[in-house]
Amino acid sequence: MHAIEFVESYFDAWNSRDPQAVADHLAADGIYRDIPQSVQRTHDELIVSLNDFFSNYRHRYELIGNILTSSNTVAFQYRMCPPRKVRKGESDGSFRGAEFVTLYGDAAISIYDYYDTPEAARPAHLARLSSQQAESAKYAKSGLSSAQLFQYKSRLNQLMRSQHAYLQPDLTLPKLAQAVDCSVNHLSQVINSGFGMSLFEYLNQFRIRHAQDLLSNVDSHADTVLKIAFTVGFNSNSAFYAAFKKCVGQSPAQYRRSQLKKAH
């Protein structure tokens, strides 16, 4: 699906207040990340969350400005408007947000949602300030524009998905900044504010996904878990186990057994 068609369909789903249709824009293993609330949801979790949201709120979503595309990344800004008419001199209660989407084929691998609301119009479930808002204040004077942030995010994703930079066990922030061709401070902002993660969390999501592929592969069955840990970029078995269980909910050995059972 073309990026613009994806966004148009996505807005239609939100404005139709259809949780299933919104969630179906995610791939089967895709993640929707609500940055202000510091929450991430799978396809099915997003449906449950939106069922509750749409039963209480009937806002309409409007696209602001242009849809930005780069490789398999899409970015756009939106306005969320309440359905009621606004009296003269009264705040309309709308607020703005932005989403960064990474596409794989016709679906999104990840959707990152950023927004801010006026206190008076803020629904209770959006009222909590998050660490991401603190990060935004931290970087307020960094000089990094939204366009640059999008550009650096695209370059970073390209390094991970096409060049598999995460496989380097000695990969550091300065080395990665050099590869992206930006300053260390700007790359830190891209990862912390742009993706809502630390450097290690960002790298580990790719490492764990790669490890899942290897653990599921019958041809790699003879490889030890330790060998796979080192193959995907970890420096120790304990770090790999901790990261894998946090991301997947199972130990690497348990995951391998469950995948091999499915294969038979």
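The values are calculated or read from the model by the stated rules, or taken from the named source; none is laboratory data. Everything quoted here is computed from the prediction, not taken from an experiment. Positions of Cβ are generated from backbone atoms using ideal geometry, with glycine treated the same way; all protein chains shown enter the neighbour counts. Protein only, heavy atoms only, side chains kept; ligands, DNA and RNA dropped before computing areas. Shrake-Rupley method; radii C 1.70, N 1.55, O 1.52, S 1.80 Å.
Numbers for the structure displayed
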quantity	calculated
Amide hydrogen neighbours beyond the local backbone of ALA107, cut-off 5 Å, H modeled	none
Cα gyration tensor shape of the stretch 172-264, rounded if a/c is under 1.5, else prolate or oblate by comparing a/b with b/c	prolate
Cut-off under 5 Å, modelled amide H: who pairs with VAL39 long-range	ASP34
Over 22 Å [Cα-Cα, the stretch 1-113], rounded percent	30 percent
Carbon + sulfur, % of accessible area of the stretch 153-264 - ligands and nucleic acids excluded, 1.4 Å	53 percent
Residue-count net charge about SER71 - beta-carbon cut-off 10 Å; Lys, Arg +1, Asp, Glu -1	+2
Within the stretch 147-228: Cβ-based charge dipole about Cα centre, in debye rounded to nearest 20 (Lys, Arg +1; Asp, Glu -1)	180 debye
Highest-first arrangement of 28-34, 148-154, 63-69, where packing means the average Cβ count within 10 Å	148-154, 28-34, 63-69
Mean Cβ count within 10 Å, highest first, over the residues of peptides 200-212, 248-260	200-212, 248-260
Of all accessible heavy-atom area on the stretch 1-73, the percent that carbon and sulfur account for (1.4 Å)	45 percent
Charge tally in the Cβ shell below 11 Å around PHE54, where Lys, Arg are +1 and Asp, Glu are -1, PHE54 excluded	0
Amide H partners (placed H, <5 Å) of PHE95, local residues excluded	MET80
